[in-house]
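Single-structure report; data block below.
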Amino acid sequence: MVLQPKPADFPRIRRALKIYKVTSVITGTMLLLLCAVMVMKYAFNVQLFLFTPEGFAKFEPLAPEGVETDYQPAGFDLFKAILIAHGWFYVVYLISNFMLWSPMRWNFMRFLVLALGGVIPLMSFFLEVRVAREVDAYLDSHGDPAPGAAPAQTLPVPPAA
């Protein structure tokens, strides 16, 4: 038996979908930035520091093995900031996934696929489009028109003779 969303939850689902769409784009963008950071760090052996004494931004070579704690360049470590920001946005993304998954009454595997959207690069962008289309189609087909949609036209009933 497949569980269906309750009609009373349709407004809650619409709000959750809006939040999900925003958080999936933010999380996907942060994940792409994180991937770029990892490429710079592990492929080119550099880190980016902002507001250094030498200027606005400077690429610094990675610290030699074993002296990472003693080596601290001046400035704001942008790589670390991106790492932390993605982690927190991913938590918010998981909460928005749950806010949508729960009233839609999907199975747990669906929740895991949604959660993977914040871990696999570009997946959140594709999932956002697919999930939004699917949820909107479900709600529209079950009598909850999208906000701002034109109301259905009714034909005037002629008076009885």
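Take the residues in the range 1-50 that are part of a helix (DSSP H, G or I) and touching a strand residue (DSSP E or B) at 6+ places or on another chain (Cβ under 7 Å), then tell me which one is surrounded by the fewest Cβ atoms within 10 Å (Cβ to Cβ).
K41
Could you say whether any residue in the range 60-76 is in contact (Cβ under 8 Å) with a residue 24 or more places away in the chain and either closer than 18 Å to P121 by Cα or out of contact with any strand residue (DSSP E or B) (no Cβ under 7 Å at 6 or more places or on another chain) (or both)? Talk me through it step by step, then tell me what you get.
As a first pass, look at the range 60-76 and keep what is in contact (Cβ under 8 Å) with a residue 24 or more places away in the chain: 73-76.
When the remaining residues are screened for being either closer than 18 Å to P121 by Cα or out of contact with any strand residue (DSSP E or B) (no Cβ under 7 Å at 6 or more places or on another chain) (or both), the result is none.
No: the range 60-76 contains no residue that is in contact (Cβ under 8 Å) with a residue 24 or more places away in the chain and either closer than 18 Å to P121 by Cα or out of contact with any strand residue (DSSP E or B) (no Cβ under 7 Å at 6 or more places or on another chain) (or both).
Go through (1) modelled with pLDDT under 95; (2) under 15 Å from R12 (Cα atoms) and name the single condition I95 misses.
(1)
Please go through the range 107-119 and give me each residue that is free of Cβ contacts under 8 Å to residues at least 12 places away in the same chain and either out of contact with any helix residue (DSSP H, G or I) (no Cβ under 7 Å at 6 or more places or on another chain) or among the small types (G, A, S) (or both), ordered by number. First the steps, then the outcome.
Taking the range 107-119 and keeping what is free of Cβ contacts under 8 Å to residues at least 12 places away in the same chain, we get 107-110, 112, 116.
N107, F108, M109, L112, listed by residue number.
Would you mention how many residues in the range 64-95 are among the small types (G, A, S), farther than 28 Å from Y20 by Cβ and exposed (fewer than 15 other Cβ atoms within 10 Å of the Cβ)?
2
The values are calculated or read from the model by the stated rules, or taken from the named source; none is laboratory data. What you see is a predicted model, and the numbers here were worked out from it, not measured in a lab. All Cβ positions, glycine included, derive from the backbone under ideal geometry; neighbour counts span all protein chains shown.
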